[in-house]
Amino acid sequence: MADGFKVWTNDGSILTIDENYENLSLYTYGTAQTSAATAGSAYGLYTLTVSLPSADMPQLALRTHDPSQYIGIVGTSKGGGTYTFLIRSQGGPVAFDWYAFTIPTDIVPSTYGLKIWRPSDRRLVFDTGMKWMRVAGQLLGADVSVALADSSRTYAIAFAAAAMNQTRQWQNWPDTNPAVVDQQTNIIGARVLGGVLSSLSMRVDVTQSSPGAPSDIGYISNGVAAFLALDVTGY
């Protein structure tokens, strides 16, 4: 290690911060609330827009005020440096805090503390005045859970890979006009309750009419959900 320093953490691991160090830092945050759950759908929605000074995609993390509530991301879109996230909660309205982390070069450096620049391109890689993304646990898949080391901390859910799967099937014969189709959608949400990171398939069933045979009857989309528990204590 030519430049930098080492940090011994509370659990005995060693964090090396040098010219090779890479992490995200908190850029902006806020509080919002999903909509009231509509009859028959049992979920709330909220559209969150985050703008960055560059086109570097942020890492979004969510923390419900009621830790028993599950929350997830339906999808995201991008226009320049502006990102729009469609957020779904299990039931609603659900109040939540949101945190957007990005690379430190998108953040104004602090005016105090220790800083480290990478010698090759003079890129700022560490600043003690920034609020760094602290990963406390990870989870893969739906309807699973894992215990975190310290239940006394405050955690937010980062969506490393938000997943949705969807199927459609006939409720009557396809030659009936209009045909009736049952659509089942699962958005995978997560929460941290009592120091346990867990995920849940937030299922919604919708019966709809079709003027003919849809081309996507059957299993039409899939994805594997992946989550990180971020320690946002003091953020």
Straight-line reach check, LYS78, cutoff 19 Å on alpha carbons, 8 or more apart in-chain or any other chain, hits among aspartates and glutamates -> ASP56, ASP106
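When a/c is below 1.5 the answer is rounded, else prolate if a/b is larger than b/c, else oblate, so apply that to region 5-133 with a ≥ b ≥ c taken from the square roots of the Cα gyration tensor eigenvalues.
Working: a/c = 3.13, a/b = 1.92, b/c = 1.63.
In terms of gyration-tensor shape, prolate.
Given Cβ point charges of +1 (Lys, Arg) and -1 (Asp, Glu) and nothing else, what value in debye, to the nearest 20, does the dipole of the chain about its Cα centre take?
Numbers: 14 positive and 18 negative charges, 55 e Å.
It comes to approximately 260 debye.
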Once both label points are put 7 Å beyond Cα along the C-beta direction, the THR207-LEU114 separation in nm becomes 6.5 nm
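Based on Cβ point charges of +1 for Lys and Arg and -1 for Asp and Glu, what charge dipole magnitude is obtained for region 55-163 about its Cα centre, in debye rounded to the nearest 20?
Values: 10 positive and 8 negative charges, 60 e Å.
Roughly 280 debye, rounded to the nearest 20.
Ranking SER89, SER13, SER151 by Cβ neighbours within 10 Å, fewest first, what do you get?
On the way: SER89 28, SER13 8, SER151 12.
In increasing order of surrounding Cβ atoms, one gets SER13, SER151, SER89.
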Residue-ordered couplings for region 44-57, obtained by feeding phi - 60° into the Karplus form 6.51 cos²θ - 1.76 cosθ + 1.60 and rounding to whole Hz (Gly and Pro as x), are x, 10, 8, 9, 10, 10, 10, 10, 10, x, 9, 8, 6, 5
Under Stokes-Einstein, region 47-88 at 25 °C and 0.890 mPa s, with its Kirkwood radius over C-alpha pairs, diffuses with a coefficient in µm²/s of 217 µm²/s
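So, R0 is 22 Å and r is the distance between the beta-carbons of ASP11 and VAL196; what FRET efficiency does that work out to, to 0.05? Don't skip to the end; give the middle numbers.
Numbers: r = 18 Å, r/R0 = 0.84.
Rounded to the nearest 0.05, the efficiency is 0.75.
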Placing +1 on each Lys and Arg Cβ and -1 on each Asp and Glu Cβ in region 5-133, then taking the dipole about the Cα centre, the residue among LEU86, GLN59, PRO119 whose Cα reaches farthest towards the positive end is LEU86
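Fewest to most neighbouring Cβ within 10 Å: what's the order for LEU86, LEU230? Don't skip to the end; give the middle numbers.
Values: LEU86 16, LEU230 27.
Placing the least packed residue first, the sequence is LEU86, LEU230.
A short reminder: the numbers here are calculations on the coordinates, not readings from a lab. Keep in mind that this is a model prediction, so the values were computed, not measured. Glycine also receives a Cβ, built like all others from the backbone with ideal geometry; neighbour counts cover every protein chain displayed.
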